[in-house]
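Structure first, then comments.
The values are calculated or read from the model by the stated rules, or taken from the named source; none is laboratory data. Predicted model only: the values in this text are computed from it and were never measured. In this analysis, Cβ positions are derived from the backbone assuming ideal geometry, glycine residues included, and neighbour counts consider all displayed protein chains.
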4 protein chains.
Amino acid sequence: MTPIERYGVETPEVNKPLRADARRNRARVLAAAEAVFAAEGVGASTEAVAKRAGVGIGTVFRHFPTKEALLEAVLVERMRALVEHARSASQDGDAGVALFGFLEHVIEQSATKNAFADALSGAGVDVTQVVGDVRGELLAAIDVLASRAQAAGALRRDVGAAEVIAVLVGASHAAMWAPDAKTRSTAVGVILDGLRPGGPRKDGLR
Amino acid sequence: MTPIERYGVETPEVNKPLRADARRNRARVLAAAEAVFAAEGVGASTEAVAKRAGVGIGTVFRHFPTKEALLEAVLVERMRALVEHARSASQDGDAGVALFGFLEHVIEQSATKNAFADALSGAGVDVTQVVGDVRGELLAAIDVLASRAQAAGALRRDVGAAEVIAVLVGASHAAMWAPDAKTRSTAVGVILDGLRPGGPRKDGLR
Amino acid sequence: MTPIERYGVETPEVNKPLRADARRNRARVLAAAEAVFAAEGVGASTEAVAKRAGVGIGTVFRHFPTKEALLEAVLVERMRALVEHARSASQDGDAGVALFGFLEHVIEQSATKNAFADALSGAGVDVTQVVGDVRGELLAAIDVLASRAQAAGALRRDVGAAEVIAVLVGASHAAMWAPDAKTRSTAVGVILDGLRPGGPRKDGLR
Amino acid sequence: MTPIERYGVETPEVNKPLRADARRNRARVLAAAEAVFAAEGVGASTEAVAKRAGVGIGTVFRHFPTKEALLEAVLVERMRALVEHARSASQDGDAGVALFGFLEHVIEQSATKNAFADALSGAGVDVTQVVGDVRGELLAAIDVLASRAQAAGALRRDVGAAEVIAVLVGASHAAMWAPDAKTRSTAVGVILDGLRPGGPRKDGLR
DNA sequence: GATGAATGAGCTTTCATTCAT
DNA sequence: AATGAATGAAAGCTCATTCAT
């Protein structure tokens with residue numbers, strides 16, 4: 001379910017046909033912002049977002065009253081997509097495949113889409129209440145994946161959802177930093193290996 | 001060789017006393033830039049750096065012709081410190097302790113010092129030739145640590161210096177993202193565990 | 001005749017019931033504009049007026065094609081109220097009480113209602129033809145008050161309606177400027193005293 | 001003494017020759033602002049001020065960090081001029097001529113220079129500490145004029161400096177409002193007459 | 001007729017960079 | 001060599017006005 005459809009949820013049959021264009025524009029602005037910020041970084045100008053969305057700059061500010069609000073909305077959007085993905089992954093029969101498949105998918109995207117990993121870390125934006133809500137949902141969704149994986153013996157028992165996310169953030173950045181595909185693949189493999197049981201050394205090395 | 005001494009390179013014969021203050025100023029500006037950018041992010045104004053250094057803004061631009069050059073110099077400075085640290089760590093008797101001690105030290109700093117981890121990843125700045133040089137030095141220094149650790153059986157044999165750095169970058173970001181000390185400690189432990197031998201699963205899961 | 005009825009003038013035959021809401025809206029917008037501009041100054045946004053009036057911004061512009069037209073309408077409205085007041089004051093038996101009572105009432109309001117005095121002076125708005133009509137009516141109404149007061153020996157004979165209004169404008173601003181009630185009362189008293197006979201010094205001081 | 005020379009006071013002989021141009025520019029910006037705001041009102045753009053001063057817009061903001069600060073500086077400048085004028089007027093032999101000459105001079109300027117009278121009333125700008133200081137000086141300077149005039153029997157005894165200023169503000173606005181020279185002259189005369197002794201009517205009309 | 005979303009010129013403000021002193 | 005005043009190109013944001021619904 002895309003965020004656009006959420007609107008439909010609150011307006012089951014018909015409500016205000018007036019807002020059809022507004023809705024369309026809000027979605028276009030959000031998509032444009034996602035693309036522009038991914039390509040040029042959060043320093044990209046709001047004007048660039050407007051141009052990309054094919055709307056006037058006033059329209060951007062009508063929907064998102066400050067640039068920070070826009071950034072936040074993009075963040076929330078990205079996190080929401082993660083939540084969706086995590087939830088659908090939980091349907092997978094094999095709990096281990098479900099968890100690690102999800103993690104690898106996210107990491108893969110990060111390597112491509114500049115600053116996608118930052119969606120998880122808040123990327124310089126002061127995370128507010130709104131983000132807090134989605135963050136909770138993400139934690140819950142990943143908790144499901146993690147618990148099932150632990151029950152199936154595919155995940156270390158000493159980590160919770162928060163730790164899994166932290167490791168995911170780390171792996172994403174490792175993937176972004178790696179200069180070539182081979183390094184990236186190996187480094188990510190190493191990090192994810194740390195999550196598998198057989199885990200913490202018992203030899204006292206640390 | 002400190003970055004300051006590089007200036008001496010351009011005056012092979014004698015170091016004129018005239019340049020004493022220039023040298024001092026360059027160092028002060030660099031230190032100020034490091035502090036200011038760490039505290040306020042790379043968006044901080046050059047003027048703020050000048051003020052912190054106690055010099056006029058013209059002086060900053062005399063030493064670093066653009067803001068990007070200044071950022072780059074800070075980056076190089078940070079990486080050089082890493083190189084120094086890695087080199088001195090190689091002196092440690094226990095190769096495993098040497099490597100992991102170094103890694104944990106760097107990660108610890110990252111959690112504290114805003115954007116220190118970004119020094120390794122280039123932090124939005126287009127890394128140029130100059131950085132390339134230091135990066136080579138860092139790779140070499142870490143290669144020494146890694147090789148010795150592998151010889152001592154403390155590090156997986158399928159990773160090289162590049163992979164170790166990638167994992168380090170990842171662990172640093174994981175540490176930065178973690179909301180509390182316990183999560184941070186566990187997540188970092190998990191990631192570093194992945195580097196230890198006993199490594200890649202043999203069960204065909206990946 | 002209220003400003004609302006002017007609409008009727010354009011529909012000489014019948015007042016279609018259709019226009020009932022339009023009329024109501026025009027009045028609500030005008031009242032809202034008066035309140036908003038008084039509270040926030042003429043810099044207040046048209047949107048704020050619409051919100052206060054409980055109508056869409058499009059409705060405001062339907063009734064008043066530009067912001068200046070809206071300001072002008074507010075001005076006319078205020079002046080019309082003054083005219084009404086002056087006319088009803090002329091009914092008073094004592095011509096002196098009628099005039100000075102009117103003046104003091106206007107001044108009192110000025111001290112309270114931000115920029116009320118500016119209604120008389122045009123307050124930065126280019127006064128156009130429409131205002132000119134009401135201004136004529138005001139001059140006439142005050143001329144009646146002044147003439148009667150002069151006949152009764154309560155007003156200097158060397159002033160006409162224009163001068164009385166000028167003095168009234170001055171007294172209003174003096175009242176607005178005065179930092180406290182005592183200063184205000186004394187200053188206004190001084191200014192109005194100048195209007196009473198016994199008037200211009202004959203001692204050659206000016 | 002112009003505001004420019006005040007600088008000289010603090011730098012009796014030589015000090016920082018560097019600031020010669022800065023001083024010149026500050027004065028030019030201030031003069032330009034005074035002219036532009038007088039001509040177009042306080043809504044005039046800062047850019048217009050810069051253009052008029054023949055400097056870049058950055059220069060305006062270097063000297064006055066916000067537009068409000070610029071407005072305030074203009075205000076202070078105007079008030080300071082008033083203070084100077086009042087002080088030099090106090091030198092006049094005839095105390096009555098000194099006071100009324102000063103008042104008429106100010107009023108005359110108001111009629112010409114748009115919004116000059118507003119310098120006294122704060123004209124929509126939130127008056128801050130700085131303005132407060134000058135206001136105190138103005139009160140003191142006018143107090144001298146008023147006291148001397150009262151001693152000489154040229155001014156009502158029931159008014160103080162605050163009341164004189166309030167009346168002055170009123171007279172200025174009356175002058176600004178008056179549509180023609182004759183009305184202006186008469187109205188101003190009437191208001192100033194109220195300040196002369198012989199003052200409050202004793203006939204019980206008020 | 002009413003609505004409010006869209007528009008874009010224009011405003012204030014910041015900041016990297018230049019250059020006269 | 002150092003200074004900091006001057007510059008002006010953006011950037012974020014507002015608001016009168018238009019127009020599709």
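Details
- A:Ala89 being within 21 Å of A:Arg135 (Cα to Cα) and modelled with pLDDT of 90 or more: yes
- Note on the stretch B:180-197: residues that are part of a loop (DSSP other than H, G, I, E, B) and either touching a residue at least 40 places away in the same chain (Cβ under 8 Å) or more than 7 Å from every other protein chain (Cβ to nearest Cβ) (or both) amount to 4.
- The stretch B:24-70, subset more than 8 Å from DNA strand E (Cβ to nearest atom) and of a type in the set (S, T, N, Q), residue modelled with the highest pLDDT: B:Thr59
- Test: residue in the stretch A:56-68 that is over 22 Å from the mean Cα position of the chain (by Cα), within 9 Å of DNA strand F (Cβ to nearest atom), in contact (Cβ under 8 Å) with a residue 24 or more places away in the chain and buried (at least 19 other Cβ atoms within 10 Å of the Cβ): yes
- Search result, residues across the stretch B:128-160 that are surrounded by fewer than 17 Cβ atoms within 10 Å (Cβ to Cβ) and modelled with pLDDT under 80: B:Thr128, B:Gln129, B:Val130, B:Gly132
- Selection count where residues are surrounded by 13 or more Cβ atoms within 10 Å (Cβ to Cβ) and farther than 14 Å from B:Phe61 by Cβ, scope the stretch B:33-47: 10
- So D:Pro17, is it at pLDDT below 80, farther than 27 Å from D:Ala141 by Cβ and surrounded by fewer than 20 Cβ atoms within 10 Å (Cβ to Cβ): yes
- Answer residue from the stretch B:46-55, given it is more than 14 Å from chain D (Cβ to nearest Cβ) and among the charged types (D, E, K, R) and is nearest to DNA strand F (Cβ to nearest atom) among those: B:Lys51
- Selection within the stretch C:31-88 - of a type in the set (Gly, Ala, Ser), assigned to a helix (DSSP H, G or I) and more than 28 Å from C:Ala140 (Cβ to Cβ): C:Ala32, C:Ala35, C:Ala39, C:Ala48, C:Ala50, C:Ala53, C:Gly58
- Among the conditions (1) surrounded by 18 or more Cβ atoms within 10 Å (Cβ to Cβ); (2) modelled with pLDDT of 90 or more, C:Arg78 misses just one, which is (2).
- So A:Ala117, is it in contact with a His (Cβ under 6 Å, 6 or more places away or on another chain) and at pLDDT below 95: yes
- Among the conditions (1) within 9 Å of another protein chain (Cβ to nearest Cβ); (2) at pLDDT below 90, the only one that C:Glu163 does not satisfy is (2).
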